[in-house]
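To start, the structure under review is shown below, and the notes come after it.
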Amino acid sequence: MMNFKAGALRPAQDAACPETLAAANDLVRRTLAQHGLWSEPGGAQIPAAQIPAIPTQPALAELMRGLVARTGQPAGPGRAPRQVEIVEGAVFRSESHAGRAGSRAYRHYVPASANGGDSEGVAGIVLMLHGCTQTPEDFAIGTRMNALAEAHRLVILYPEQSRGANAQTCWNWFSTGDQRRDRGEPEILAGLTRTAMAEHGVPPERVFVAGLSAGAAMAVILGETYPDVFAAVGAHSGLPFGAARDVPSAFAAMAGNLQHASTAPTPARVVPTIAFHGTADRTVHPGNGDEIARRAVAAPGAQAVETQETGTQGGRGFRRTLGCDAAGRILSEHWVIDGLGHAWSGGSDAGSYADP
């Protein structure tokens, strides 16, 4: 999901992009109807066809603020947020990083399996970027990532988006100022990762970034802007690089209109990417996962050769497509999961946006 910085919308833009705004309006109407957020004074739900059109971008902005706030899942239905369980010997530090573009707080998990004693040290670092309305702690619980950290001696970094930067704690993947190297959120996130690399003595070939939804879109941006920092990218229910340039085009991309992504410059360097997307995702269209996988093999000289398999696991069918170069090195791995919505596949339902 996404939201936007205060002041990002100007009424004068309305006439400049009627087709994009119409697509965004349609997405909002369908989404609000799906969640039952339109009702008459008596309480009866209004059919989607009778929902009034949204006349201006400011009105669209106000509606989406309410939508994200009311459809967020802070800890699963009817549950208070759970505490993150910490294995004896592990540490889950609260830290902050300040860069040229600003600062962000983050949680820093060092597993017991790599924390002194008879351990073999840290095997790698994973930067984990949460989705809208989520917190680092909620994301850690829902993705079960700390348990994987223990199994594989991984340090996990969970940055926290500032409400001052985005009212619904979405990473600003749709802002052109946050899609470039040494600018905006990419500069901050790469900077805090480099700090952890220096502390734990981990080289770039063992540093990775992954995210969900808005976090996945930002993970993709980091892969393209900092290929010297991140060796591979994981994108779950996310959007491709260059999918949007502003708020209206972001809504359009979420609905499956990827005209901006198709015109984004070809990446200069291949960063291996794994993408997951559910066929039942009504928040970010599955076509976005297709485009993420396509760009992962689009760099000059990639010469991708695809292989595909299908199967069933955990009660859901899947299609898995590998894109390899001529030497057999995997460049992209794309999972399409039957019946999965906008949720982390194989996650814990103790967290938000997670599907066990």
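The values are calculated or read from the model by the stated rules, or taken from the named source; none is laboratory data. Predicted model only: the values in this text are computed from it and were never measured. Neighbour counts are summed over all protein chains in view; Cβ atoms, including those assigned to glycine, are modelled from backbone coordinates with ideal geometry. When the accessible area is computed, the model is the full protein with side chains, heavy atoms only, and any ligands, DNA or RNA have been set aside. Shrake-Rupley method; radii C 1.70, N 1.55, O 1.52, S 1.80 Å.
Table for the structure above
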read-out: Subset of region 300-336 [among the polar types (S, T, N, Q) and within 19 Å of P286 (Cβ to Cβ)]; value: Q308, T310, T312, Q313, T321, S332
read-out: Selected residue (criterion: least open to solvent (accessible area, probe 1.4 Å)) from residues of region 174-189 that are free of Cβ contacts under 8 Å to residues at least 60 places away in the same chain and out of contact with any Lys or Arg (no Cβ under 7 Å at 6 or more places or on another chain); value: D178
read-out: Counted residues, region 259-306 - those being touching an Asp or Glu at 6+ places or on another chain (Cβ under 6 Å), of a type in the set (S, T, N, Q) and touching a residue at least 40 places away in the same chain (Cβ under 8 Å); value: 1
read-out: Counted residues, region 337-356 - those being within 22 Å of G287 (Cβ to Cβ) and surrounded by fewer than 19 Cβ atoms within 10 Å (Cβ to Cβ); value: 3
read-out: Selection from region 307-328 of residues that are outside any strand (DSSP E or B), in contact (Cβ under 8 Å) with a residue 12 or more places away in the chain and farther than 29 Å from T133 by Cβ; value: D325, A326
read-out: Residues of region 261-276 that turn out to be closer than 18 Å to Q179 by Cβ and open to solvent by 40 Å² or more (accessible area, probe 1.4 Å), as a count; value: 6
read-out: Qualifying residue in region 231-247 (condition: within 20 Å of R329 (Cβ to Cβ), open to solvent by 10 Å² or more (accessible area, probe 1.4 Å), modelled with pLDDT under 95 and part of a loop (DSSP other than H, G, I, E, B)); value: no
read-out: Total residues in region 62-101, condition modelled with pLDDT under 50 and acidic (D, E); value: 1
read-out: So T279, is it open to solvent by less than 70 Å² (accessible area, probe 1.4 Å), within 25 Å of T133 (Cβ to Cβ), among the polar types (S, T, N, Q) and out of contact with any helix residue (DSSP H, G or I) (no Cβ under 9 Å at 6 or more places or on another chain); value: yes
read-out: Selection from region 149-169 of residues that are touching a strand residue (DSSP E or B) at 6+ places or on another chain (Cβ under 7 Å) and open to solvent by 10 Å² or more (accessible area, probe 1.4 Å); value: L154, E160, S162
read-out: Hits in region 102-122 - residues which are closer than 30 Å to R181 by Cα and either of a type outside the set (A, V, I, L, M) or modelled with pLDDT under 95 (or both); value: G102, S103, R104, Y106, R107, H108, Y109, V122
read-out: Yes/no for S213 being closer than 21 Å to W335 by Cβ, open to solvent by less than 10 Å² (accessible area, probe 1.4 Å) and in contact (Cβ under 8 Å) with a residue 60 or more places away in the chain; value: yes
read-out: The one condition in (1) surrounded by fewer than 23 Cβ atoms within 10 Å (Cβ to Cβ); (2) part of a strand (DSSP E or B); (3) modelled with pLDDT of 95 or more that H285 fails to fulfil; value: (2)
